[in-house]
1. Please calculate how many Å² of accessible area the chain carries per residue, with a 1.4 Å probe and no DNA, RNA or ligand atoms counted.
2. Any aspartates and glutamates with Cα under 15 Å of the Lys235 Cα? List them, leaving off those in the same chain fewer than 8 positions away.
3. Straight distance only, please: which lysines reach the Cα of Lys184 with their own Cα at less than 27 Å, same-chain residues fewer than 8 apart left out?
4. On the protein heavy atoms, probe 1.4 angstrom, tell me the percent of accessible surface of the chain carried by carbon and sulfur.
5. Under a point-charge model restricted to the Cβ atoms of Lys and Arg (+1) and Asp and Glu (-1), what is the dipole moment magnitude of region 113-228 relative to its Cα centre, in debye to the nearest 20?
6. Kindly provide the helix-only [θ] at 222 nm of the chain, computed as the sum of -39,500 (n - 2.57) over DSSP H runs of four or more divided by all residues, to the nearest 500 deg cm²/dmol?
7. Between Thr156 and Gln246, what FRET efficiency comes out of the Förster formula 1/(1 + (r/R0)^6) with R0 = 60 Å and r the beta carbon distance, rounded to 0.05?
8. At Glu372 and Leu190, where each label point lies 7 Å from the Cα along Cα→Cβ, what is the point-to-point distance in nanometres?
Amino acid sequence: MKYVEQIKSVVLLFFVLLSISLTFMIWNYKPDYPFIEEMPVDQVEIGDKKQLKDVLKPYRLLFRQEDQFKGTVSTSAIDDLFAQFATWDAHEVTLINNNLSDAKLNEMLRLNDRLTLFFTAKVPLQLFESVLPFRDKEVPNTAFDRLILDWSSVSTNNQVQLLFVNTEERTLYRSYVTMANEQKFRMNILEPTSNYNDYVEVERVNLQSFYVVEDSIESIKYTYYIEEIAPDLFKNVLFTDPSIVQRNVESMQFEKYTDDTSLMTVDTQSRVLNYVYPAAESISNIPATRLLRDSFEFLNEHGGITADYRFAFMNQSKHVTEYQLYLQGFPVHSSLTSTHITTTWGDNRIFRYRRPYYSLDMDIPSEKTIKELPSGREIIEYIQNSESLDFSKVDEIVVGYYLMQDQNLRLFTLEPSWFVISDNLWTRVTPERLGGVEFGLE
């Protein structure tokens, strides 16, 4: 009996050591599982991916030299200019005027040795770095809708002055670009302007001037085949689990897709779809730079920018961003369907998404016809004499395409037309009698 306690101690020590050994083995045990290859998740893409600079294009270039205006809306001319911007290095962005008058703005555009880019919407300067690199570490949180290039001093100091104008907030920021080769600058930027059309300035008392083509315009009337993008593709993009989405045909014209948390309606007649995710609605403040970036990235993620769509409108308080369809450098409008992509941003995701689901597949060469539009002066005279249009309240006058549906429902006709823009409403000036047919932006 005298060894009982010693035996207990030895047994207890044995179990303690055994426990430690088993614990150590468990910690270090690595089962020989067979390797399972991770399967890639298919990303639904409606169209090709774009770059941010593709949607930040202006709608007009206006050149001033030897007291004469020349201008163009050519997409290739804009692309060539943007290609030059990408090689520049802007610096010293400085606020120089925060109370810019219309008279001063008109004077700035009237000075020689200048090229002005006109933008439909206010472009956040911080996002314009995707077009024009800035050397400054911190670019001001501002936006602009006119960019003026001034090369009047390039021969003396090799510098081009950049003037960023916000016509609504009346601000003017200045920056500089140093040109290593003046001859190259003149060859790449100035020589192409010889092909621009002649423009005239239409002055208004205490208001911004208009700039219109001086002569009558020969433009092409196009007929395009319509290619529909299957709404099911958007269902797969927008719904978290497309397999549980229910499709209901409400009528000959309307279809509805729902998963009880979000809804997509499809208008098969106008070829427009509208998606909404109510739970994402947000009233928080979103900075303009982030709002435009989030909107663009959402669209680009699924290849949703399916044509030449350009940033055209923003309502920051409502989180709305809009993109306008362009064709051959001209904006496209219609009372038949939508020619805009509109996003409403919510709580870290899309809240509402409205867009057409057609694309202009290919034009029919045999259906092309040359159409002559009145000169800018004639349009100005019409507006001034019109009882339905107030010349002092007109914001812009442009040439665009009016989209109509051919009798063959698979064809769209795009007719060149003058448009008068007032308070975000587009009035088409019909060529036959120079009468007005008004319709609002969707």
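The values are calculated or read from the model by the stated rules, or taken from the named source; none is laboratory data. If you're wondering where the values come from, they're calculated on a predicted model, not measured in any experiment. Glycine also receives a Cβ, built like all others from the backbone with ideal geometry; neighbour counts cover every protein chain displayed. For accessibility, only protein heavy atoms count, side chains too; no ligands or nucleic acids. Shrake-Rupley method; radii C 1.70, N 1.55, O 1.52, S 1.80 Å.
1. Roughly 53 Å² per residue, with all protein chains present.
2. Answer for Lys235, where 15 Å is the Cα cut-off: Asp42, Glu45, Glu255, Asp259, Asp260, Asp267, Glu301, listed by chain and number.
3. Lys53, Lys57, Lys70
4. Roughly 49 percent, rounded to a whole number.
5. For region 113-228, the charge dipole is close to 480 debye.
6. On the way: 8 runs with 84 residues, N = 442.
Calculated from helices alone, the mean residue ellipticity at 222 nm is -5500 deg cm²/dmol.
7. Rounded to the nearest 0.05, the efficiency is 0.30.
8. It works out to 3.6 nm between the two label points.
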